[in-house]
Number of protein chains: 4
Amino acid sequence: MTNRQQREPKAPSRACLGVGVIGYGYWGPNIARSIATTEGCHVAAIGDASDDALARAGRMYPGAHLWKNWRDVIADPSVDAVAVVTPVRQHYEMALAALRAGKHVLVEKPMTETSAQGAALIEEADRRNLILMVDHTFVYTGAVQKIRDLVVQGIVGEVYYYDSTRINLGLFQSDVNVIWDLAVHDLSIIDFLLDDVPVAISACGADHLHGNRENMAHIVLYFSSGTIAHLNVNWLAPVKVRRTLIGGSQRMIVYDDLEPSEKVKVYDRGVDIRLAQERIHEARVSYRIGDMWAPQTSVKEALVTEIEHFVDCVANNRVPLTSGAVGLNIVSYLEYATQSLNQRGHPVELAPLRRVS
Amino acid sequence: MTNRQQREPKAPSRACLGVGVIGYGYWGPNIARSIATTEGCHVAAIGDASDDALARAGRMYPGAHLWKNWRDVIADPSVDAVAVVTPVRQHYEMALAALRAGKHVLVEKPMTETSAQGAALIEEADRRNLILMVDHTFVYTGAVQKIRDLVVQGIVGEVYYYDSTRINLGLFQSDVNVIWDLAVHDLSIIDFLLDDVPVAISACGADHLHGNRENMAHIVLYFSSGTIAHLNVNWLAPVKVRRTLIGGSQRMIVYDDLEPSEKVKVYDRGVDIRLAQERIHEARVSYRIGDMWAPQTSVKEALVTEIEHFVDCVANNRVPLTSGAVGLNIVSYLEYATQSLNQRGHPVELAPLRRVS
Amino acid sequence: MTNRQQREPKAPSRACLGVGVIGYGYWGPNIARSIATTEGCHVAAIGDASDDALARAGRMYPGAHLWKNWRDVIADPSVDAVAVVTPVRQHYEMALAALRAGKHVLVEKPMTETSAQGAALIEEADRRNLILMVDHTFVYTGAVQKIRDLVVQGIVGEVYYYDSTRINLGLFQSDVNVIWDLAVHDLSIIDFLLDDVPVAISACGADHLHGNRENMAHIVLYFSSGTIAHLNVNWLAPVKVRRTLIGGSQRMIVYDDLEPSEKVKVYDRGVDIRLAQERIHEARVSYRIGDMWAPQTSVKEALVTEIEHFVDCVANNRVPLTSGAVGLNIVSYLEYATQSLNQRGHPVELAPLRRVS
Amino acid sequence: MTNRQQREPKAPSRACLGVGVIGYGYWGPNIARSIATTEGCHVAAIGDASDDALARAGRMYPGAHLWKNWRDVIADPSVDAVAVVTPVRQHYEMALAALRAGKHVLVEKPMTETSAQGAALIEEADRRNLILMVDHTFVYTGAVQKIRDLVVQGIVGEVYYYDSTRINLGLFQSDVNVIWDLAVHDLSIIDFLLDDVPVAISACGADHLHGNRENMAHIVLYFSSGTIAHLNVNWLAPVKVRRTLIGGSQRMIVYDDLEPSEKVKVYDRGVDIRLAQERIHEARVSYRIGDMWAPQTSVKEALVTEIEHFVDCVANNRVPLTSGAVGLNIVSYLEYATQSLNQRGHPVELAPLRRVS
């Protein structure tokens, strides 16, 4: 007689992955929202030590179990997989506990504080045949995937350099410096774009506020192919910039993540040098200045693409694009960068890395 | 009976400085034009080994003497001062010859190929009481002079960092790499802005075209005060960028030289960190986000300001803002950067420098 | 024993205004979210004819009553005020019914299809001493409020012109043309900024897709003070632009709503004309080119400010900033513009309007 | 013995067109420079009533005859063609005198003050078989020529609209309003791009400084094909904008003349409306959002292209792209716009025009 609607939360089917989210501070709500939006999974439980955070979580996800103690999230029988969205220092302990409890794990970037911890997580996941995936969000953006296509298809040619500026005012992190917070994005993008490993890394930085954490840094990665990557990261900049230049022998790319549209611009520009015998050096350089082209990129939210991929990897036992092994690569780069940072930029030669992709 | 006008070139008065310009290629015509525009001096002679260049010079300056051999410019009795606008490798020989002939010298940047050459020129100029000035053009722009005012007046506060991007496609130079071509601009601006000397310099770069000259580089300068400067220079970029961020404890500046107006923007933004005892680290950081302000800067052409200054220094025996001593500072920075470049960015500690300003 | 949290929706106190939202399509969710966020009110009920929309609403607001028939929202005893967020053609009927049921009303812009309808709503609200407010969102933005301050304080001086470009691709509306969809924003901003009424309005436009609704238009308003306003609105533009220039005798403003920060820029620029006797006309014009200044504007979400204002008006029986009377002004401007549009831009003289503010 | 060079001005060959430039104020020097740069012509004489202007001219062109009286330029036997670069009010008298003296004429835009004067010049040139060309510079830019190609090749499809913003601070003209100064550029571009004639024109504007000349205006042109053009011109704007949107059924163009590169951007964007029977209107609109493409455009200076074209027309008796007939079209549009302006934007229906291209 009444057309009043039911307001029951959607009853997850058996095939629907129950995800427990540990950490509901700055980034956790975004992860939870993407889980809620994605077919094939649902927010089964949320854990946070803060009453306020739990109250907010409860208003948004009335069907989810709420826990103050993160161990209860892992123990919750409705939880099939755990998303660890806490400060870096807690990643290892929480992810390890989740794996040991037989739960798949999606862990926030950077994966761990040390590469030894990373290797231990990988080993644990492998032994139990569980999915271990790292939240390297940018790899799942339409822009970065388009750039990957352009590189793979040879449109860019030989990649000469990757030069990124990732600066803004804040947010100063409590437990990591700006490299572990911002440069990790570029490292994961570089790892995704290039089929190459760095042979040396140098980093320099400064802690202008004397808080014992660098708030600005410059990192340089030297690759075996000759590619050079430079990352400019800064928490103390007056303006927000997210701009990367990629120079190649055939094309050059400007990737500006703050552009509302046309995030990726491809320039048919370059230089040809003919190694002539003559001594009139200038004459041998010719410049190629052609069209610019901004390919349409997917506007699908990266986090949703990522969660779908996680669900697919769990369902079909696939290796994630941003697997634990990839996460370990990034952590080891961060360790080398930190080592160089402590020596004022003295470049650190890398032990031969076996690239995992 | 006719109102046909006379077309005599202006007859320079005795007080009018006769300047001989050696080198009429890319930059020489700009120097000559500025000399012609400035009261108190005139283009007395022009020298270039190229017939074409001389023909162009003759059409523009029918009153100037034209010489194929640069030594004739120096010897020309109508020449009181010489502007050396040739490739770097010729600066020392030409400037020294001019000084020995008793002529004042304005020399293109960088002053010389080595600091030993630079010191020799300074000594020669001092002995003969002649003006030796380096064409560090940016120091004479309205924008850089406004920034200098903001620094000196304490508006910026303690300078945390100087971070410059100076990239474009070309022009590949024949005899120097991108550091000696582009970074020299930033080094001269930094030297002008800061009352401080670097204690270490590192630089890394790459020669993607295998022409034996680096076409991209990153240079970092560590200053005794804690200021850190980073210069990103590149001849192989798809877009032209001339953008510098200056971070200070009180204000931050974005200086974009390609902006038609509002080249200098001053941001009342920053961070305060209260070193609290508590372990909740995030709580102690507060962000200040205030107004932005773009002061009007002089639109007078920098080269004209510079030539006027040169004429004034000659007339009144003043020390130029960009004296030989300043030029020597810059050359020594370039040498240290080159040294680091050859060691893949290994930072080079500087011998204590006596700053000259 | 367990620390599992309660997940009860917040129980609204007696003083908490229960708002019923009619229409949960494109804009309704934003209104609902702002109501949910604001202290002193809550989402009591949501009405929409679409099952899908209601299902979405239910997931977000498990505590709200859901109704397929909008009349049930109005009749719902938990509803003290009604937000009408439906297509324009339904505004009048729904708002009138709500007022007659003794409910306060917040109605989407434009208030009604005709000024007669608008007048009837005002009369009904007045008779029952109920609040009638129109959702002119831009009036509640930090940027527009800052501009209002600059105008009121005389910083701008005499307002010469208001020139707005509000263009993008889509969204083509089903029941109104681009004027009633986009120009209404500018009309409400102008009404808020200027203490003045238009004396004539002209409008021209085109329906390029032959759908019988203009997809682009230019509207000009002539004010009694001499101010001229021009609005460029377009649903068929390749890029999104939200840019307004305001020229005044003392200062000029550029307001770009798409700028992430520095939305409002104030230029100390202008022209002085000295009415000299001489015939050399050029000589009497002098240009003033001073600093630019971007005042910090509130980043508080406009809709939240607006809902807070609505709650305050209800609680304290205050006249809203965007009252029914203001909404009527705007509807009458739209009617005059439509009249002109039908005459290919022939300007329509306005009957003397009593400005209500 | 000496290698001192000759400094004779280049001796023009017989085939080299001698051009006399009347008016050496703001624009005259640019015309003269382009003549001097172009093969096949030279600056034979320069006329200006101001001694200062003549002195400047003499320094730049020592080989040119200088005259205070413009009639002497026309009478000068070394002058084969005359460039009239004076205020509009003098165009007719000077151009007519030049034609009557058997000289070809290049006249500054707008061609004349009235269309009657324009018709008289055309008749005079035709009778004497002389070239009469108008300096519509933008038609000769690489950007506009590229857009013309895109329109002609059908890339744009049916042209829906042309929407231009051409604003800045100054220069207030002495003898014409902003329409005759700035809108003339857009009118000549439109005339070049579209094979169509306007059927009605409306214009409104304001003279905020009470100098009896409108300093801002909006002009709308209605074309027989349905194309609508809108021009926003303003001498009293805080920022300089030169931006045109061209909407077509297949592609849309953004042309920004202030962009250092990528002046022309082509967007594969649009809307398809399927005229369905159903009443759910929204459902029938679909948006096409594809790639953006910035074709490389010629960077050759437009004035040089134009002067070369003038020389070619004279040498080979060709009809110029911007012939007197085209100039007359533009003047008649300006007259209609003025007529509408005097009626507060009342649209003026055009007498059927025979389009000349």
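Taking into account only those residues within the stretch D:70-112 that are in a loop (DSSP other than H, G, I, E, B), within 21 Å of the chain's Cα centre (by Cα) and among the hydrophobic types (A, V, I, L, M, F, W, C), which is nearest to D:VAL178 (Cα to Cα)? Taking the candidates together, the pick is D:MET111. Of the residues B:ASP76, B:ASP72, which is charged (D, E, K, R), more than 29 Å from B:ASP191 (Cα to Cα) and touching a Lys or Arg at 6+ places or on another chain (Cβ under 9 Å)? Residue meeting the stated conditions: B:ASP72.
Let's see how each residue does on (1) over 22 Å from C:GLY345 (Cβ atoms); (2) open to solvent by 30 Å² or more (accessible area, probe 1.4 Å):
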| residue | (1), (2) |
| --- | --- |
| C:TYR140 | yes, no |
| C:VAL144 | yes, no |
| C:ILE155 | yes, yes |
| C:VAL159 | yes, no |
| C:VAL176 | no, no |
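Could you list, in sequence order, the residues of the stretch A:312-333 that are on the phi < 0 side of the Ramachandran plot and of a type in the set (S, T, N, Q)? A:ASN316, A:THR322, A:SER323, A:ASN329, A:SER332, listed by residue number. For D:PRO62, the criteria (1) buried (at least 22 other Cβ atoms within 10 Å of the Cβ); (2) over 26 Å from D:SER188 (Cβ atoms) hold in every case but one, which is (1). Count of the stretch D:228-272 residues, restricted to those that are open to solvent by 10 Å² or more (accessible area, probe 1.4 Å) and of a type in the set (S, T, N, Q), is 3.
Pairing residues of the stretch A:117-130 that are β-branched (Val, Ile, Thr) with residues that are buried (at least 16 other Cβ atoms within 10 Å of the Cβ), at Cβ distances under 9 Å and at least 6 apart in sequence or on separate chains, gives A:ILE122/A:LEU132; A:ILE122/A:SER323; A:ILE122/A:GLY324; A:ILE122/A:ALA325; A:ILE122/A:GLY327; A:ILE122/A:LEU328.
Quick check on the stretch A:42-57: of everything there that is surrounded by 19 or more Cβ atoms within 10 Å (Cβ to Cβ) and part of a helix (DSSP H, G or I), which residue is nearest to the other protein chains (Cβ to nearest Cβ)? Taking the candidates together, the pick is A:LEU54. Consider A:ASN129 against the criteria (1) under 15 Å from A:VAL19 (Cα atoms); (2) open to solvent by 10 Å² or more (accessible area, probe 1.4 Å); (3) over 17 Å from the mean Cα position of the chain (by Cα); (4) away from chain C (no Cβ under 14 Å): it satisfies all of them except one. Which criterion is unmet? All conditions pass for A:ASN129, except number (1). Among the residues of the stretch A:178-215, those identified as of a type outside the set (A, V, I, L, M, F, W, C) and touching a strand residue (DSSP E or B) at 6+ places or on another chain (Cβ under 7 Å) are A:HIS185, A:ASP186, A:ASP196, A:PRO198, A:SER202, A:GLY205, A:HIS208, A:GLY211, A:GLU214, A:ASN215. The combined condition, being at pLDDT 95 or above, more than 29 Å from A:GLU113 (Cβ to Cβ) and under 20 Å from the mean Cα position of the chain (by Cα), is fulfilled by A:GLY142. Which condition number in (1) more than 23 Å from the chain's Cα centre (by Cα); (2) more than 14 Å from chain B (Cβ to nearest Cβ) is the one that D:GLY28 fails? Evaluating D:GLY28 over (1) more than 23 Å from the chain's Cα centre (by Cα); (2) more than 14 Å from chain B (Cβ to nearest Cβ) leaves (1) as the failure. Of all residues in the stretch B:165-194, which are acidic (Asp, Glu) and over 17 Å from the mean Cα position of the chain (by Cα)? Scanning the stretch B:165-194 gives a single hit, B:ASP175.
Considering only residues in the stretch B:287-307 that are surrounded by fewer than 15 Cβ atoms within 10 Å (Cβ to Cβ) and not in a loop (DSSP other than H, G, I, E, B), the one that is farthest from the other protein chains (Cβ to nearest Cβ) turns out to be B:ARG288. Being at pLDDT 95 or above, more than 14 Å from every other protein chain (Cβ to nearest Cβ) and crowded, with 19+ Cβ neighbours inside 10 Å is the requirement here; does B:VAL319 meet it? No, not satisfied.
For A:ALA294, the requirement of being touching a residue at least 12 places away in the same chain (Cβ under 8 Å) and under 18 Å from the mean Cα position of the chain (by Cα) is not met. The condition of being part of a loop (DSSP other than H, G, I, E, B), of a type outside the set (Gly, Ala, Ser) and within 10 Å of chain B (Cβ to nearest Cβ) holds for only one of A:HIS210, A:HIS230, that being A:HIS210.
Note on the stretch D:16-41: residues that are touching a Lys or Arg at 6+ places or on another chain (Cβ under 8 Å) and surrounded by fewer than 22 Cβ atoms within 10 Å (Cβ to Cβ) total 1. Filtering the stretch B:233-253 to residues that are under 22 Å from B:GLY345 (Cβ atoms) and either facing chain A (nearest Cβ under 7 Å) or not in a strand (DSSP E or B) (or both) leaves B:TRP235, B:LEU236, B:ALA237, B:LEU245.
Quick grid of which residues meet (1) open to solvent by 20 Å² or more (accessible area, probe 1.4 Å); (2) closer than 25 Å to C:THR338 by Cβ:
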position	(1), (2)
C:ASN69	yes, no
C:ASP80	yes, no
C:VAL88	no, yes
C:LYS109	yes, yes
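Can you tell me which residues in the stretch B:334-351 are under 17 Å from A:ILE201 (Cβ atoms) and among the polar types (S, T, N, Q)? The answer is B:SER340, B:GLN343.
Total residues in the stretch C:124-170 satisfying the condition of being of a type in the set (Ser, Thr, Tyr) and assigned to a loop (DSSP other than H, G, I, E, B): the figure is 1.
The values are calculated or read from the model by the stated rules, or taken from the named source; none is laboratory data. Here the structure is a predicted model, which means the values were calculated and not measured. No Cβ is skipped: glycine too gets one built from the backbone with ideal geometry, and neighbour counts run over all protein chains shown. Calculation scope for accessible area: heavy atoms of the full protein, side chains included, ligands and nucleic acids excluded. Shrake-Rupley method; radii C 1.70, N 1.55, O 1.52, S 1.80 Å.
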